[in-house]
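These notes are about the structure you will find just below.
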Amino acid sequence: MVREALGAVALLTGLALAACAPEPASKSKPKPSDGFAAADRPLVDAALAQASKTFSTPGSVEIRDLVISEVEGEGRSVCFDAAEPGQRWVGFVVRPAKFADGMELVEEQDALSPRARPQCRALVLKYLGERDVNPDEAEIAFNQAGCMDIDGAYWDAWKRACNGRQTRPAGVAGAAR
């Protein structure tokens with residue numbers, strides 16, 4: 001009986017100690033580039049590192065709609081939205097620099113509402129830089145959709161660089177852009 005009591009005490013003590021023990025070191029947080037092929041990861045990592053310089057707390061930035069887009073004549077670009085916790089989402093295009101080596105970062109500078117962004121994207125594709133566009137029709141469409149104050153430089157870069165053949169991280173279905 002004493003043996004059984006000591007065994008039970010030992011078991012309970014072991015369980016209590018196990019509950020207080022530090023948890024084993026967890027794996028490091030996955031990088032956004034981890035879902036891409038090994039050959040594409042350096043491009044994605046370089047683009048995200050360049051964009052992270054624009055944030056006050058780069059380690060807390062969330063990324064969404066991350067793609068590599070390949071457009072003939074434009075090269076391969078990395079396109080994504082990013083936001084610090086509690087802040088609005090901002091679009092980024094990181095593409096080959098036109099007149100130098102390296103990459104060029106284009107950051108969205110407008111303040112479109114989350115509701116207007118999908119509509120504005122559709123209008124950018126339909127009107128921005130297109131021939132034979134009725135300017136009055138385009139202006140009315142942009143105004144009605146809440147897109148009158150778009151950042152022309154960003155949206156032009158987005159249209160040219162982010163709408164080609166897209167490579168998405170593994171496990172991401174559908175086109176979010």
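Just a few scattered comments:
- Cross-link pairs LYS29/LYS159; LYS29/LYS53; LYS98/LYS159; LYS53/LYS159; LYS31/LYS98 - those with Cα-Cα distance over 26 Å: LYS29/LYS159; LYS31/LYS98
- Loop GluC sites (Glu not before Pro), the range 53-119 (other Cβ atoms within 10 Å of the site Cβ: 13 or fewer; DSSP): GLU72
- Only protein heavy atoms count here; on that basis, with a 1.4 Å probe, LEU105 has an accessible area of about 50 Å².
- Over 23 Å [Cα-Cα, the range 36-177], rounded percent: 36
- Placed amide H near ASP151: partners under 5 Å, 5+ positions off or other chain: GLN109, ASP110
- Each residue of the range 132-143 is assigned a 3J(HN,Hα), and the resulting list reads 6, 9, 7, x, 5, 4, 5, 4, 4, 4, 5, 5 Hz, derived from the Karplus form 6.51 cos²θ - 1.76 cosθ + 1.60 (θ = phi - 60°), x at Gly and Pro.
- 3J(HN,Hα) couplings calculated from phi for the range 152-157 with the Karplus curve 6.51 cos²θ - 1.76 cosθ + 1.60 (θ = phi - 60°) are, in sequence order, x, 5, 5, 5, 5, 4 Hz; Gly and Pro show x.
- Computed from phi, the 3J(HN,Hα) profile of the range 101-112 under the Karplus parametrisation 6.51, -1.76, 1.60 (θ = phi - 60°) reads 6, x, 10, 10, 9, 10, 10, 4, 10, 9, 10, 5 Hz, with x in place of Gly and Pro.
- If you bin all the Cα-Cα distances of the range 97-177 at 10 Å, starting from zero, the percentages per bin are 15, 43, 31, 11, 0.
- Solvent-accessible area of ILE63 with every protein chain in place, 1.4 Å probe, in Å² to the nearest 10: 60
The values are calculated or read from the model by the stated rules, or taken from the named source; none is laboratory data. This structure is a prediction, so every number in the text was calculated from the model and none was measured. Backbone-built Cβ (ideal geometry, glycine too); neighbour counts: all protein chains shown. Note: accessible area is taken over every heavy atom of the protein model, side chains too, but ligands, DNA and RNA are not part of it. Shrake-Rupley method; radii C 1.70, N 1.55, O 1.52, S 1.80 Å.
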